[in-house]
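Written out below as structure tokens is the structure these notes cover.
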Amino acid sequence: MGRILIVDDTMFMRTLLKNILFSGGHDIVGEAADGAEALARYQELKPDLVTMDVVMPKVNGIEALKAIKAADPAAKVIMCTAVGQEQMVKLAIKSGARGYIVKPFQAPKVLEEVKNVLSA
Amino acid sequence: MMKSVPVKVEHEGKWIPTTMGIGEDRIHIGAPLDCEIPYKSMVDLEEKKNQVLITAGPDAEETYRIASVEKVLSVLKKFVITQCSAYRLNAFFMSPAIRGGVLVQDAHWEKGAIAVMKTGIWFVSQESQVCIPLGDVAGIEFTRREIQEKDLDVVKIDHLIENEVVTSFVLCPKTTLQVLYNFLSEATQNTKYDEELDPLTGQVAMLVYSGMDSSAIENMLKLSHKDLDAIYERLLATGFAEVLYVRKEIQLTAKGVRYISDAVKSPTN
């Protein structure tokens, strides 16, 4: 089980992910609504894993991912984006993402992906 | 030369052990059916656990239910899919590519054939035989995907496998792809919709999709039981959802309260 930081600009998606991850026995140590906040919260909380939305205001998910990886190369980040933005996968993986989930998602698969990334 | 294998066939509502000959251009089912079915007369193939259902013509279409071990059914399916009367094309496919929103880690393109039948699409390669029943197709999209550093046209098919939303991709020449896309669009007209949902109902639908139950949805969206019921009614009316089961909320009667009161009393009292 892991300590997880959820990054998404919509409260609805954060709440949904929080419920899914909590039901899988994980601790949600914090939330952030944009990429800049994500980096600050990451440095403050040192979570085991981050779920990161790609499209966000101010600093987007890819930029936030790069910043987090620069600060902590061992950071485990799962990117989360909408259908049709799968092209982002390559960019995210290149930038150091450990996993990828596509919205809309189903709870069991999200938990499986989180488990895989945490245990890797 | 036919290879004979043991199978069970459904006959007058009962499963009867018999033999089935699998030949180059036909199968022969032993007694009590005792019939030959040329592959070319077959118009549909369905799979249900350890059974296959073969529908064959020429005029009065008849469906044959055949049960056997996986190995036998796999050989049978391959002959049927590659020789039956169906729209067939050579293609690359990736199925499943995404499961429940998560990319399948070992997903890869397989070279094979696609047969579009009456009730489903079959993907067949050396490694696998995958069926997508048309009734389970939730979306079709003509899109582009980066494959070996080239942006290529693909058809993306979203479908359900045991309530799990799965995405598969098909890759072939653009003209063939367009034919496949048009066929699938036509065959899945029943899942097209005109209705728009209000934002709250849309959020509830998204939560149902993600696997949340009523109690979790009420908590997340701060909805009362009655409000959620009304939203469910809207989703049912639009055909976007169906009733999975009806759960009861109860309160104790005087008899029940007495039982609980007695149960918590200390034995020494």
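Derivation of every value follows stated rules applied to the coordinates shown; laboratory data play no part. This structure is a prediction, so every number in the text was calculated from the model and none was measured. All Cβ positions, even for glycine, are placed from backbone atoms using ideal geometry, and neighbour counts span all protein chains on display.
List of remarks:
- Cross-link reach is defined here as a Cα-Cα straight distance under 18 Å, omitting same-chain residues fewer than 8 places apart; for B:Lys49 the aspartates and glutamates meeting it are B:Glu10, B:Glu70, B:Asp136, B:Glu162, B:Glu164.
- A straight Cα-to-Cα reach below 14 Å connects B:Lys174 with the aspartates and glutamates B:Glu141, B:Asp151, B:Asp153, residues fewer than 8 places away in its own chain not being considered.
- Gain on full stretching of the segment that runs from B:Thr19 to B:Ser74 - 0.36 nm per residue minus C-alpha separation: 18.2 nm
- Formal net charge of residues neighbouring A:Met1 (Cβ-Cβ distance under 10 Å; K, R +1; D, E -1): 0
- Ignoring the sites themselves, chain B has its longest run without GluC sites (Glu not before Pro) in a DSSP loop having at most 14 other Cβ atoms within 10 Å at B:62-126.
- The local environment of B:Gly112, defined by Cβ-Cβ distances under 11 Å, has a net charge of +1 under the rule Lys, Arg +1 and Asp, Glu -1.
- From the alpha carbon centroid of segment A:8-44 to that of segment B:1-70 is 54 Å.
- Rounded Å value of the spacing that divides the Cα centres of segment B:192-269 and segment A:49-120: 33 Å
- Candidates per trypsin sites (Lys or Arg not before Pro) in segment B:63-165, loop by DSSP, up to 16 other Cβ within 10 Å: B:Lys118
- When each of B:Lys8/B:Lys48; A:Lys76/A:Lys103; A:Lys76/B:Lys222 is checked by Cα-Cα distance, pairs over 23 Å: A:Lys76/B:Lys222
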